[in-house]
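Here, each number is a calculation from the coordinates, and none is a lab measurement. Note that this is a predicted model, so its numbers are computed, not measured. We place every Cβ from the backbone using ideal geometry, glycine too, and count neighbours over all the protein chains shown.
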Amino acid sequence: MLLKLSRLDVCIEAKKIVNGVDLSVGKGELHIIMGPNGSGKSTLLSAIMGLPRVRICGGTIVFNGIDITNMPSYERAKLGIALAHQHPPEIKGVKFNEIAKAIIKKCGCSDYSIMSKILKVDDLLHRDLFVGFSGGEKKRAELFLVMLQSPKLALLDEPDSGVDIESIESIANAIDYLVSRGSSVILVTHTGIITNKLSRINKVHIMMNGRFVYSGYPDEVLPIVMKFGYSKGVKMLAK
Ligand SMILES: Nc1ncnc2c1ncn2[C@@H]1O[C@H](COP(=O)(O)OP(=O)(O)O)[C@@H](O)[C@H]1O
Ligand SMILES: [Mg+2]
């Protein structure tokens with residue numbers, strides 16, 4: 001097992017946002033977390049990455065056999081965890097291609113041109129990172145930087161939100177490519193639009209009010225929640 005969350009609680013200040021989440025992700029698996037706005041999806045990804053804005057207030061995170069529950073985010077990054085934010089911040093004065101080159105130099109990955117082709121980022125590389133990028137451009141650029149890191153585990157926070165249909169296609173192709181190279185992926189989406197463009201999903205988890213209320217296989221879960229929504233869909237699935 002690459003990642004194992006056991007009874008994980010995550011707090012922001014004094015408030016418990018994520019409540020008793022269990023999750024096991026194997027190598028090369030793609031897991032989808034779906035759920036309404038405010039259900040705790042971004043908070044959960046932040047906790048797996050170890051971002052200081054959230055605090056793990058119960059349970060454990062084991063990654064590749066190592067207990068990382070109390071490990072700072074830069075050490076988790078070194079172990080191979082990478083996060084693509086829901087809203088990447090604009091970085092003035094730093095060129096996209098400078099960051100990309102620095103990562104390529106470190107990882108030595110030779111297939112960056114395949115990735116840049118899939119994600120159509122060539123025209124963006126000379127610009128300041130994320131500055132003035134459209135929704136789709138931001139998502140494609142950030143996913144490109146995550147892919148360059150060849151992460152063992154990629155955490156993707158709503159890569160399909162605020163994105164046009166063609167960009168969703170590119171993003172889905174990029175995720176398929178990432179998985180085919182052996183990365184595990186946890187993909188958060190609240191619309192679910194991207195799910196029917198991905199070639200192989202291992203599991204779908206529905207998150208509501210900080211809890212995983214249903215986990216199942218995509219063929220079982222997706223048609224129901226996409227048609228009936230989360231509340232009604234989960235009731236039907238649980239019967
Ligand atoms: N700094 C904060 N203080 C208090 N509550 C917060 C803070 N940040 C986020 N929350 C709350 O945590 C809940 C989950 O947020 P989030 O993880 O962003 O949900 P999602 O990504 O599923 O939309 C929301 O109710 C949100 O208002
Ligand atoms: Mg979110």
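Taking amide H positions as placed in the peptide plane 1.01 Å from N, state which residues far from residue 208 in sequence (5 or more) or on other chains have amide H under 5 Å from it.
So residue 208 has HN proximity to 213.
For region 39-105, state which trypsin sites (Lys or Arg not before Pro) are in a DSSP loop and have at most 10 other beta carbons lying within 10 Å of their beta carbon.
Answer by residue number: 53, 92.
State to the nearest 20 debye the size of the charge dipole of region 3-238 about its Cα centre, where the only charges are +1 on K and R beta carbons and -1 on D and E beta carbons.
Working: 30 positive and 23 negative charges, 97 e Å.
The calculation lands at about 460 debye.
Would you mind pulling out the separation of the Cα centroids of region 114-157 and region 8-35, in Å?
25 Å
Taking 0.36 nm per residue of separation and subtracting the Cα-Cα distance, what length does fully extending residue 90 through residue 123 add?
10.2 nm
In the chain, if the dipole is taken from +1 on Lys/Arg beta carbons and -1 on Asp/Glu beta carbons about the Cα centre, which of 58, 198, 135 is farthest to the positive end?
So the residue we want is 58.
Using only the Cα atoms of the chain, what semi-axes does the equivalent ellipsoid have when each is the square root of 5 times a gyration tensor eigenvalue? Give whole Å, largest first.
Semi-axes from the Cα gyration tensor: 28, 21, 17 Å.
Go ahead and run the numbers for FRET between residue 98 and residue 22, Cβ-Cβ distance against an R0 of 45 Å, rounding to 0.05.
With R0 = 45 Å, the Cβ-Cβ based efficiency is 0.65.
If I model a spin label at residue 193 and residue 111 as a point 7 Å from the Cα along the Cα→Cβ vector, what separation in nanometres do I get?
For residue 193 paired with residue 111, the spin-label model returns 2.7 nm.
Dipole magnitude of region 170-239 about its Cα centre, charges +1 at Lys/Arg Cβ and -1 at Asp/Glu Cβ only, in debye to the nearest 20?
200 debye
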